[in-house]
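Undergrad: There's a structure below that I have some questions on.
Quick note: the coordinates plus some simple rules give every number you see, no bench work behind them. What you are looking at is a predicted structure, and each value in this text was computed from that prediction instead of being measured. Every residue, glycine among them, receives a Cβ derived from its backbone with ideal geometry; neighbour counts consider all protein chains shown.
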Ligand code: SAH
């Protein structure tokens, strides 16, 4: 008999799944957001622990599989499925996010979660190992980058588990890590868009000093243009 192949890397090791669930410190009253539930290995463990799981899945074949798995179980009323691209949809209300996500959407998803309101308590997510290391990198580390600075501005991030490729079927090419993300509440009192613009410039050239970057003509022109827009919005003479 053929195994169904959905072209995804399904998390198979029950110990890793259990570890993710435990590290999320779930309460029976929680509403959990799961992104990319796939065939539902993690979903069913979440359903045992919480009030509601809202699962966002883009692949309708997997949605059908998941529905079949939960149908006629005591958990069927606890599961809400949202079909579609999580990046293009408005996030539902949730307290905690637990997911083995599709790695190609890691970066936009982290910021979508961190800019979402109301605040959630924490997110326990599986990432590609190098991405996870970037999330937690500190100044001076080789992997320190815009992603590190912007994430750590908005959240505390910790590596909580190393996960080898053989815990997935089929095994992916890359190694993985589970990361815990806890939003800083209240957030720092800054305009995140402006801050992001600044870090974009500051990290635009790997081997240039900040002084050299700000002396570039293109940067000066951009800053001046932005300043004029800012002044006209504030009704000031530039
Ligand atoms: N969580 C499952 C499967 C992980 S594979 C497990 O641990 O076994 C990633 C899953 O994300 C797949 O089910 C895939 O269909 C889904 N997915 C991919 N891109 C998505 C997107 N943009 N929005 C929502 N789901 C997505």
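Undergrad: Just the Cα atoms of the stretch 85-136, one point each, no solvent: what log10 I(q)/I(0) does Debye give at q = 0.13, 0.15, 0.17, 0.26 Å⁻¹?
TA: Log10 of I(q)/I(0), two decimals: -0.30, -0.40, -0.52, -1.20.
Undergrad: I've got another one for you. What whole-number distance in Å separates the alpha-carbon centres of the stretch 164-199 and the stretch 88-109?
TA: The distance from the Cα centre of the stretch 164-199 to that of the stretch 88-109 comes to 10 Å.
Undergrad: May I ask you to work out the translational diffusion coefficient for the stretch 32-104 at 20 °C, viscosity 1.002 mPa s, via Stokes-Einstein with Rh from the Kirkwood sum over Cα pairs, reported in whole µm²/s?
TA: 177 µm²/s
Undergrad: Taking neighbour counts of Cβ atoms within 10 Å as a proxy for exposure, in what order, fewest first, do 12, 173 appear?
TA: The order, fewest Cβ neighbours first, is 173, 12.
Undergrad: Rounded to the nearest 5, what is the percent of antiparallel bridges among the DSSP beta bridges in the chain?
TA: So the antiparallel bridges in the chain amount to around 50 percent.
Undergrad: Hey, how much of the P(r) for the stretch 59-161 falls beyond 21 Å, as a percent of Cα pairs?
TA: Here the tail beyond 21 Å accounts for 44 percent of pairs.
Undergrad: By counting other Cβ atoms within 10 Å of each Cβ, how are 32, 110, 237 ranked from fewest to most?
TA: Least crowded to most crowded, the residues run 237, 110, 32.
Undergrad: How many percent of the alpha carbon pairs in the chain exceed a separation of 32 Å?
TA: Roughly 30 percent, rounded to a whole number.
Undergrad: So, in nm, how far is label residue 229 from label residue 184 when the simple model puts each one 7 Å beyond its Cα toward the Cβ?
TA: Output for this residue pair reads 2.5 nm.
Undergrad: Here's a follow-up. Does the stretch 1-129 come out rounded, prolate or oblate, given a ≥ b ≥ c as the square roots of the eigenvalues of its C-alpha gyration tensor, rounded meaning a/c under 1.5 and, failing that, prolate meaning a/b above b/c?
TA: Judged from the Cα gyration tensor, the stretch 1-129 comes out rounded (a/c under 1.5).
Undergrad: Against the empirical 2.2 N^0.38 Å scaling, what ratio does the C-alpha Rg of the stretch 120-238 come to?
TA: Dividing the Cα Rg of the stretch 120-238 by 2.2 N^0.38 Å gives 1.39.
Undergrad: Summing -39500 (n - 2.57) over the DSSP H runs of n ≥ 4 in the chain and dividing by its residue number, what mean residue ellipticity at 222 nm do you reach, to the nearest 500 deg cm²/dmol?
TA: -10500 deg cm²/dmol
Undergrad: Could I ask something else about it? Pairwise over distinct Cα atoms, reciprocal of the mean inverse distance: report the Kirkwood radius of the stretch 139-207 in Å, one decimal place.
TA: So the Kirkwood estimate lands at 14.5 Å.
Undergrad: With both partners inside the stretch 64-201, how many of the DSSP beta bridges are antiparallel, as a percent to the nearest 5?
TA: Just about 75 percent of them are antiparallel.
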